[in-house]
Amino acid sequence: EAGVTQFPSHSVIEKGQTVTLRCDPISGHDNLYWYRRVMGKEIKFLLHFVKESKQDESGMPNNRFLAERTGGTYSTLKVQPAELEDSGVYFCASSQGASLKLFFGSGTQLSVL
Amino acid sequence: AQSVTQLGSHVSVSEGALVLLRCNYSSSVPPYLFWYVQYPNQGLQLLLKYTSAATLVKGINGFEAEFKKSETSFHLTKPSAHMRDAAEYFCAVSGEGNNRLAFGKGNQVVVIP
């Protein structure tokens, strides 16, 4: 069974550019989460999808971040325009139903120069 | 709101010695507590979780953790460290029995042969 897949694994962009991160959850997992780890800090919750609906987006930093999950399958997280402080590792995770077990992808390392 | 404190970003342990990683939590409601592990170039993987049942929780790879309400702690232990235990370990808390987790800063464990 395939795990949670994220790409790209690394992205280096300049301040002001746009970047789109993609996450493919485990097939059949209705719940999809985005988390972010800024260097030296904790992993922080960004948002939660149930199928295609945003269940909780209270962790999104600001309106430069846009997450979508069209059709309830894969999800994208767009940062536009990127700022220096957006650098970090973006993790996607999925879970099935009410399970308290999250399956994480290996993350996208985003560097904004 | 919930939060977790993990002290000591880097922990060195000799092969065969006890592994002890400390986690203290803060929660305004009965907590759900988790330990996740991240091996190099992989996503986070659930080691074990506490969900208000038994206070001593056994997880994968020989790890266990004990929930102590009076001490607001959920320390992770393993009697004998193996080289393959070298990884980063994260304690996390959820106050609502969901997967919106608040993580600690993590402990990078180095196993010395």
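A simple rule links phi to the HN-Hα coupling: the Karplus curve 6.51 cos²θ - 1.76 cosθ + 1.60 with θ = phi - 60°, which for the range B:99-112 gives 9, 7, 9, 9, 9, x, 6, x, 10, 8, 9, 10, 9, 9 Hz, with x for Gly and Pro. Distances between placed amide hydrogens fall under 5 Å for residue B:106 paired with B:6, B:91, all partners being 5 or more residues away or on another chain.
Scaled against the 2.2 N^0.38 Å expected of a compact globular protein of N residues, the Cα radius of gyration of chain A reads 0.99. Using Cβ point charges alone (K and R +1, D and E -1), the dipole size of chain A about the Cα centre works out to roughly 100 debye. Taking each residue as 0.36 nm, the span from residue A:7 to residue A:50 lengthens on full extension beyond its C-alpha to C-alpha distance by 13.4 nm. 3J(HN,Hα) along the range B:85-96: 7, 5, 5, 9, 10, 10, 9, 9, 10, 10, x, 10 Hz, from the Karplus curve 6.51 cos²θ - 1.76 cosθ + 1.60 with θ = phi - 60°, whole Hz, x for Gly and Pro.
Remark on the range A:23-74: hydrodynamic radius 11.7 angstrom, per the Kirkwood mean of 1/r across alpha carbon pairs.
Taking only alpha carbon atoms, the range B:25-113 gives an Rg to Rh ratio of 0.96, where Rh is the Kirkwood radius. Sparse packing (at most 15 other Cβ atoms within 10 Å of the Cβ) combined with a DSSP loop state is found for the following GluC sites (Glu not before Pro) in the range B:1-108: B:15, B:96.
Diffusion coefficient of the protein assembly as shown by Stokes-Einstein, Kirkwood radius over Cα pairs, 4 °C, 1.567 mPa s: 72 µm²/s.
Just so you know, all these numbers are worked out from the coordinates, no wet-lab data involved. Keep in mind that this is a model prediction, so the values were computed, not measured. Cβ atoms come from the backbone with ideal geometry, glycine included; neighbour counts cover every protein chain shown.
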